[in-house]
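Before any comments, here is the structure.
The values are calculated or read from the model by the stated rules, or taken from the named source; none is laboratory data. Note that the structure is predicted; figures quoted are calculated from it, not measured. Glycine gets a Cβ as well: all are built from the backbone with ideal geometry, and neighbour counts include every protein chain shown.
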Amino acid sequence: MFSRSDRTARGTKWGRTWLVCLGLLAVASGSVRAAAVAETRDFTVLVDGKRVGEAHMTITKQEDGTLTMKCDTDISVTFLLVTYKYTYRGYEVWKDGKLARFNSWCNDNGTSYVVAAIADGDKLKVRVNKQERTIRDDVWLTSYWSQPDTKRLNQTLPLHDADSGVDLEGKFQFLATESRGIAGQTVNVNHFRLSGKVNVDLWYDGSGRLVRREWIEEGHRTVIELNRLRR
């Protein structure tokens, strides 16, 4: 999902995140239709308290335990008469707690990224704008849609930037359990922080569902917050 200041190694850009290569999109869509959709999560994007866009995540669980997540993000924000636009489309496949396949397309205010990854043994083959490389298979994507295993607390996690394909890392720490208003209800959520090359605060509910994400983007407080669940 979109963000940039929480990834200091990425240069000047507002964040990035998601679509699938057209051929794989057809496969992905067919897979979603073949299984029961667990839920769709609708998020509001805010910059300095002003609504500037939205994101939608659809999570599906297959009979064999495979999890898929499709995300669409669209943002338009204007500062000093200059408008910044961001579009992301992404598709993730997770099996046994590891990334099995990933595709994304991002247009970050005119700069485009096409990212694809697929599991290959104990590695991931990654292609970013026609450049290929191999990375470790235990990465966490910066979509952040599902809370990592608690065994990874207080560790530095390998991260793969979902929209630009950059490799990053951040220390994952638990801060507190808090009561917050989420999607019209007051719920207890767990507050975590990633720090290092990535600086972002994350809130998850008791089921490990992302409900809020907050960071500073070029001096502006940026928030992505859950506003509705659809099942």
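Quick one: would you say R180 is of a type in the set (K, R), surrounded by fewer than 17 Cβ atoms within 10 Å (Cβ to Cβ), more than 22 Å from V126 (Cβ to Cβ) and in contact with a Gly (Cβ under 8 Å, 6 or more places away or on another chain)?
No; evaluated as a whole, the condition is false for this residue.
Among the residues of the stretch 154-176, count how many are in a loop (DSSP other than H, G, I, E, B) and surrounded by fewer than 19 Cβ atoms within 10 Å (Cβ to Cβ).
1
Check whether at least one residue in the stretch 146-153 is surrounded by 15 or more Cβ atoms within 10 Å (Cβ to Cβ) and either over 18 Å from the mean Cα position of the chain (by Cα) or modelled with pLDDT of 95 or more (or both), and report yes or no.
Yes, because at least one residue in the stretch 146-153 is surrounded by 15 or more Cβ atoms within 10 Å (Cβ to Cβ) and either over 18 Å from the mean Cα position of the chain (by Cα) or modelled with pLDDT of 95 or more (or both).
Go through K98, K70 for me and flag whichever is crowded, with 21+ Cβ neighbours inside 10 Å, touching a residue at least 40 places away in the same chain (Cβ under 8 Å) and of a type in the set (D, E, K, R).
Residue meeting the stated conditions: K70.
Of S143, S104, which residue is surrounded by 21 or more Cβ atoms within 10 Å (Cβ to Cβ), modelled with pLDDT of 95 or more and in a strand (DSSP E or B)?
S104
So E132 passes all but one of these: (1) part of a strand (DSSP E or B); (2) closer than 25 Å to Y86 by Cβ. Which condition number does it fail?
(2)
When the residues of the stretch 209-231 are narrowed to those that are under 14 Å from the mean Cα position of the chain (by Cα) and touching a residue at least 40 places away in the same chain (Cβ under 8 Å), which ends up farthest from D48 (Cα to Cα)?
R209
Which of the residues belonging to the stretch 151-196 are of a type in the set (S, T, Y) and touching a residue at least 24 places away in the same chain (Cβ under 8 Å)?
Selection gives T156, S164, S195.
Just for the stretch 73-95: of the residues that are crowded, with 16+ Cβ neighbours inside 10 Å and more than 18 Å from the chain's Cα centre (by Cα), which one is nearest to G53 (Cα to Cα)?
V77
Of all residues in the stretch 177-231, how many are in a loop (DSSP other than H, G, I, E, B) and either touching a helix residue (DSSP H, G or I) at 6+ places or on another chain (Cβ under 7 Å) or polar (S, T, N, Q) (or both)?
Count: 3.
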